[in-house]
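The values are calculated or read from the model by the stated rules, or taken from the named source; none is laboratory data. Keep in mind it's a predicted model, so treat the numbers as computed, not measured. Don't worry about glycine lacking a Cβ; one is built from the backbone with ideal geometry, like all the others, and counts go over all protein chains shown. We work out accessible area using only protein heavy atoms, side chains counted, and drop any ligands, DNA or RNA first. Shrake-Rupley method; radii C 1.70, N 1.55, O 1.52, S 1.80 Å.
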Amino acid sequence: MTAATPGPRAVRGAVGVAHTRVEGRDKVTGAARYAGEIPYPDLAHGWLVLSTITRGRILDVGSAPVLDMPGVLTVLHHGNAARLKTDFTGQFGTPPDPTCAVFQNDRVPFAGWPVALVVAETPEQAREAAEALVVTYDREPHDTALVADHPGARLADSQTSAGTENVDLEERLTASAFVVDGRYTTPEGQHSMMEPHAATARWEGGRLEVVDSNQGAGWVQGELARMFSLDASSVRVRSEHIGGGFGSKGLRAHQVSAVMAATALRRPVRVVLTRRQTFSLAGCRSPTIQRVRLGAAPDGRLLALEHLSLNQTSTVHEFVEAGAGVARVLYGAEAHRTANHVVRLDVPSPTWMRAPGQAPGSFAIETALDELATRAGVDPIELRLRNEPETGPVSGLPFSSRNLAACFREGARRFGWADRDPRPGTRREGRWLLGTGTAAASYGAGAAPSTAQVTAEEDGSFTVRIAAADIGTGARTALTLVAADALETVPARVLVRVGDSDFGPAMIAGGSMGTRSWAWAVTAAAAELRERLAATAVIPPEGITVRSDTTGAIGDLARKERHSYGAQFAEAAVDTATGEVRVRRMLGIFAAGRIVNPLTARNQLVGGMTWGISMALHEEAVRDRNSGGHYAPDLAGYHVATHADVPEIEADWVEDDDPDDPVGIKGVGEVGIVGAAAAIANAVWHATGVRHRDLPIRPGRVLAATVPGPAGGAADPGA
Ligand code: MOS
């Protein structure tokens, strides 16, 4: 069938009305089963053994004594593992990360690299044996330090605005009335999803079935099929409930090693990553070193904008954390230059992590804007409004809709921005210095081809089947509401089944594109089904099923710039005697297209903002240069914001639409974190007069910074 083309939208009853999660009861009662807890007869358990060196070669894997330990079934390593195919381009345009294509050679490219899988009858036996396994190495010197002038750094991408190639950036900076030139750093980040990765692989009736926790069942199925040289139809991946992913849950070492072991042993094998193992195997957010130079006319209008970002990747896989990308959307300038650089180090491969690029990039550019506002004596919101571009600053394309200004106006009203005294370091409350800050947010709004099946059942209900992933976002519920409206029925008559690669190709839960992509396919199938039903007197026992494919419909989206926007506001209290920073309140106002389910959309936005607190104040995976590994790779050593750190957070939205798809969704998964850390850092500056350009703003950094004198006497080291 053909995909639906955008047109008049269906009568709405469900979309836009708050709805609790359709699987909520199953989750809170424990009826919902996660990948690591589904029982199978004859299940064996694999435990990964990770390298203790950072760089070198494996000389020997001492399997023999371990094979004699209780319950041990096998030890897989580079000397006996099946050969995998890795020279293919995956669904998202890159070859698979060799970290996932386990046990293919004797090289160790980073600390925590998978070197063996011990399989035993019970998880305890597997763990005991894995910890007893002696692996000997030929150790080589390593380099794990990201430094600004690293000789190995290379340009990944560079852009200048359309029409400004001939405008000299240096000349524009020289001509500027106000200049900011700042260096900003963000640390290595970890996804810290609640449920670590888990997969069970088994062969059944000639088919490989993998029950997993991932962000795209079809994605993992496709990559596994190619890696193991299997026909895609002989691989099925299911992923019904997922305890968070944030970008880390694609193809990883646990699925591949489980498939290897299940194939070798001819019985089901489960591999679960420990929290510590996720630190090197699940991907991470690369640290960044960024430089922003801004030059402005006396009225604050940008004459020059330069944003450069450097990130690290592993020596085996390239991932660019495109920190400089966000400036390409947010602000125009007469001379506009953005570039991302990457350097290969002896560190684990980074990957997508909530708002990849935009989260660290927005910290730099949105802090720099705040610095410029101070220099120019222009209110930070007014400065942003004066620099609102008419069209995409770099692309020159029209915006599908851009309601950033509306976010700032509504946010300023609700936050009480008008009463703000712009002077820093002047508000005291007991031991606390108080300040407020703001920052802009944006995140891309796209869609990707998907297929969906909708069945009209004999009893008058409907079943939707789509290989979507509900990673905790509420996607299953959102699709229930979308389907109900498209079918002109009520949500209670719609059953949405997700997370099964047998349902056909679909977009992953990623890039804030999942719900939009899936909703488009569901709407298309529902429309066709309604036409079919109109011409049908009786529904047969097997129901009537229609399948959609939006492949042809989506390409047109590229003719416009499409983004969600937001205005972030934060109030911070700083104790300059202890260095403690407390966020007192946050408000985020977003323009994120049509909101399908206000309850779960707000949850997504508040979740992103909460992570912004965490990013601003707590999170930092620290690597020891000598060993090349992490200090304390666990949730005791890696601090994430928890309840006591998180104040009242309000997230709301303004009217917004993206008129070119059947539902008008833009996506809310990632925009909530963008700009959040900058708003907090700007509030810390407003409180203390000290500018923090390195995250996280931990107590030591607050203490090391200049302590302000009496009211207004604060020093700004960047001034
Ligand atoms: Mo998100 S980082 O695209 O899972």
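Quick rundown of the values:
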item: Cβ pairs under 7 Å, 6+ apart, first in the range 492-511 and free of Cβ contacts under 8 Å to residues at least 40 places away in the same chain, second more than 16 Å from the ligand (Cβ to nearest atom) and of a type in the set (F, W, Y); result: R493/F462; V494/F462
item: Qualifying residue in the range 418-425 (condition: more than 28 Å from the chain's Cα centre (by Cα), in a helix (DSSP H, G or I) and surrounded by fewer than 24 Cβ atoms within 10 Å (Cβ to Cβ)); result: yes
item: The lone exception for V674 - which of (1) away from the ligand (no atom under 16 Å from the Cβ); (2) over 18 Å from E580 (Cα atoms) it fails; result: (1)
item: Residue match in the range 364-379 (condition: within 16 Å of the ligand (Cβ to nearest atom) and either farther than 17 Å from A441 by Cα or without any contact (Cβ under 8 Å) to a residue 60 or more places away in the chain (or both)); result: no
item: Criterion (away from the ligand (no atom under 16 Å from the Cβ), within 21 Å of V211 (Cβ to Cβ), at pLDDT 95 or above and not assigned by TED's automatic domain parsing to the domain that holds G243) met by exactly one of R532, R547, R465, R493; result: R465
item: Filtered residue count, the range 368-408, keeping only those that are closer than 16 Å to S564 by Cα, open to solvent by 10 Å² or more (accessible area, probe 1.4 Å) and not in a loop (DSSP other than H, G, I, E, B); result: 3
item: Count - residues of the range 246-286 that are of a type in the set (S, T, Y), surrounded by 24 or more Cβ atoms within 10 Å (Cβ to Cβ) and within 19 Å of T74 (Cβ to Cβ); result: 1
item: Of all residues making up the range 226-263, the number that are free of Cβ contacts under 8 Å to residues at least 40 places away in the same chain and among the polar types (S, T, N, Q); result: 2
item: Of the criteria (1) out of contact with any Gly (no Cβ under 6 Å at 6 or more places or on another chain); (2) closer than 28 Å to P196 by Cβ; (3) at pLDDT 95 or above, which one V654 fails; result: (2)
item: Residue, nearest to T263 (Cα to Cα), within the range 79-101, restricted to residues that are of a type outside the set (S, T, N, Q) and open to solvent by 50 Å² or more (accessible area, probe 1.4 Å); result: A82
item: Scope the range 573-606; condition basic (K, R) and in contact with a Pro (Cβ under 7 Å, 6 or more places away or on another chain); matching residues; result: R584, R585
item: Which numbered condition N214 fails, given (1) in a loop (DSSP other than H, G, I, E, B); (2) touching a helix residue (DSSP H, G or I) at 6+ places or on another chain (Cβ under 6 Å); (3) away from the ligand (no atom under 16 Å from the Cβ); (4) of a type outside the set (K, R); result: (3)
item: Residues being among the charged types (D, E, K, R) and within 16 Å of the ligand (Cβ to nearest atom) - total across the range 235-264; result: 2
item: Number of the exception - V320 against (1) crowded, with 21+ Cβ neighbours inside 10 Å; (2) within 16 Å of the ligand (Cβ to nearest atom); result: (1)
item: Residue in the range 325-347 that is among the hydroxyl-bearing types (S, T, Y) and open to solvent by 10 Å² or more (accessible area, probe 1.4 Å) present; result: no
item: Residue that is farthest from R384 (Cα to Cα) [pool: residues in the range 578-606 that are within 17 Å of the chain's Cα centre (by Cα) and either acidic (D, E) or surrounded by fewer than 21 Cβ atoms within 10 Å (Cβ to Cβ) (or both)]; result: N603
item: Conditions (1) of a type outside the set (D, E); (2) away from the ligand (no atom under 16 Å from the Cβ); (3) under 17 Å from A439 (Cβ atoms); (4) touching a strand residue (DSSP E or B) at 6+ places or on another chain (Cβ under 7 Å): number failed by A335; result: (3)
item: Condition met for S286 (within 16 Å of the ligand (Cβ to nearest atom), in contact with a Pro (Cβ under 7 Å, 6 or more places away or on another chain) and in contact (Cβ under 8 Å) with a residue 60 or more places away in the chain); result: yes
item: Members of the range 427-459 found to be part of a loop (DSSP other than H, G, I, E, B), within 24 Å of F569 (Cβ to Cβ) and touching a helix residue (DSSP H, G or I) at 6+ places or on another chain (Cβ under 8 Å), listed by number; result: R427, A445
item: Hits in the range 105-162 - residues which are of a type in the set (S, T, Y) and either assigned to a strand (DSSP E or B) or buried (at least 18 other Cβ atoms within 10 Å of the Cβ) (or both); result: T136, Y137, T144, S158, T160, S161
item: Matching option when the condition is more than 16 Å from the ligand (Cβ to nearest atom) and under 23 Å from H45 (Cβ atoms), among R226, R267; result: R267
